[in-house]
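The block underneath contains the structure these notes are about, expressed in structure tokens.
The values are calculated or read from the model by the stated rules, or taken from the named source; none is laboratory data. Keep in mind that what you see is a predicted model, and the values were worked out from it rather than measured. Note that we place each Cβ from the backbone using ideal geometry, even for glycine, and neighbour counts take in every protein chain shown. Quick note on the areas: whole protein, heavy atoms, side chains included, nothing else; ligands and nucleic acids left out. Shrake-Rupley method; radii C 1.70, N 1.55, O 1.52, S 1.80 Å.
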Amino acid sequence: MSTNAGRAGATSLLIAALVMICVAFWADCLFGPMAPLAAGFQAEMEPWASEAGLPGTDRQWSPLLWDGVAQFYPWRLLAARAMRDGELALWNPHQMCGYPFVGNGQSALFYAPNWVLAVVDVKWGMGLLAALHYALAAVLTALLCRTLGLGHLPSAFAGIAFTFGGFMVTWTELPTLMDSAAWLPGALLGVALIFRESRWGVPVLALSLAMTLLAGHFQIAAYVWMATGIYALARLVWAVAHRRPARVGALLAAVGVGALLAAPQVLPSLELAANSTRGSGGPTEAGWQFHRQRALQPAELLLLADPDAFGSPVDGDHQLTRLGIPYSEHAGFVGLSTLVLALAGLAFRRTRHHAFFGILALLALSVAMGGPLARWMYFGVPKLGQAGGFTRVLCVFTFAAAMAGGFGLDAVRRWMASFRRQGPRRWLSEELPAFGIVLVLAGELLPWGHEFLPKTRPKYEKP
């Protein structure tokens, strides 16, 4: 009993530590005057250049960061104002001659975390929501690691690697992508709990699958559902091979409940998309070649360890931006320490979980590079090719690589434990090196992420 209580207490401390890291990272938005918007781009355009008096920016132009200012902030403001009036913004009268706002999946009208914007200032609320989803991603990843048997420090390592890795950071200001990806570890956690016969398995899986759709980006949600399906299939095969309960009924129940919960957002969005110029067409060979040209190239694998290997938009010298490829599209950065541990850990202790996440990372990387699996997905999965470039599957890669890095650190830690001494030196020989590796990873990711993320000091507030 005392051992279980001690483990629960240590896990609570792990969760608290991860939350505090996320709060500290977003402190200038939560407790200071900043908002996670690249409004410097707006200040360079008319009519704002003449009227708003906003400071400009030296940052390299990015159409994706501009979308955060020109689309997502107005969308969140429209929804928030309607909720304050006791209404749901089903219609947007401010674009074209009006259109069904509920049919815009990225409106995320039914995504519960966004409802906080009804009671707080939207600019401050966007920083709050970003911090919330960083904490969500970190905690869910760590809980998945703990469920799969990893120690607390390796679990912290994986949580930090995914949360502050290239995908989550560079897509933060387009919140639907980041919000949808944040639920990926929760979906796999639900599957793991189901196979442990936990009563929490079905609700966790159903909620995670629903929330990744309600968060608003269906392409990222599709990748989350696919990765979850692959994981569930792997666990199912393992269970059958070892004559353990298959839990098929629980898995199907969770999928069904998740789909039903997401239906109010998904069905109107699919109906509107069918009438759009982008969503009404089908896959073509020309479309596939376009995706291939924008895929991750072999030389760009350097970006997995060094996100600025081809320049940085902060310094205005990002080479791929000049070729029409925004920085975020190819950002698979997870830190050199993550990659080293993911590979080196195999030499110390190979487990089926470590192998699974390593294989999943390689599959996602193959899709991002426009391999045969990407071609099958483009022509075989309806509408997926029209949603955006396949490099966005780096959300799965960064997560899988983070998990593999956590397993690698656990393997190294266990190897160190085989040489440990009993008594007071035990912690020094086993835990202190692992803690140092976690600090190295944080030193790789957090300063880079803080420098990359554009933030704006709001000049004035409007009702």
Unique residue being at pLDDT below 95, out of contact with any strand residue (DSSP E or B) (no Cβ under 7 Å at 6 or more places or on another chain), on the phi < 0 side of the Ramachandran plot and open to solvent by less than 10 Å² (accessible area, probe 1.4 Å) when the list is SER180, SER155, SER107: SER107
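Rundown of residues vs (1) farther than 30 Å from THR57 by Cα; (2) at pLDDT below 90; (3) aromatic (Phe, Trp, Tyr); (4) not in a helix (DSSP H, G or I), yes/no style:
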| site | (1), (2), (3), (4) |
| --- | --- |
| PHE397 | yes, no, yes, no |
| LEU409 | yes, no, no, no |
| ARG414 | yes, yes, no, no |
| ARG421 | yes, yes, no, yes |
| GLU430 | yes, yes, no, no |
| ALA434 | yes, yes, no, no |
| VAL438 | yes, no, no, no |
Per-region count, the range 335-376, residues out of contact with any Leu (no Cβ under 6 Å at 6 or more places or on another chain), more than 19 Å from ALA158 (Cα to Cα) and open to solvent by less than 20 Å² (accessible area, probe 1.4 Å): 3
Among residues of the range 307-334, those that are closer than 15 Å to LEU394 by Cα and either charged (D, E, K, R) or surrounded by fewer than 19 Cβ atoms within 10 Å (Cβ to Cβ) (or both), counted: 1
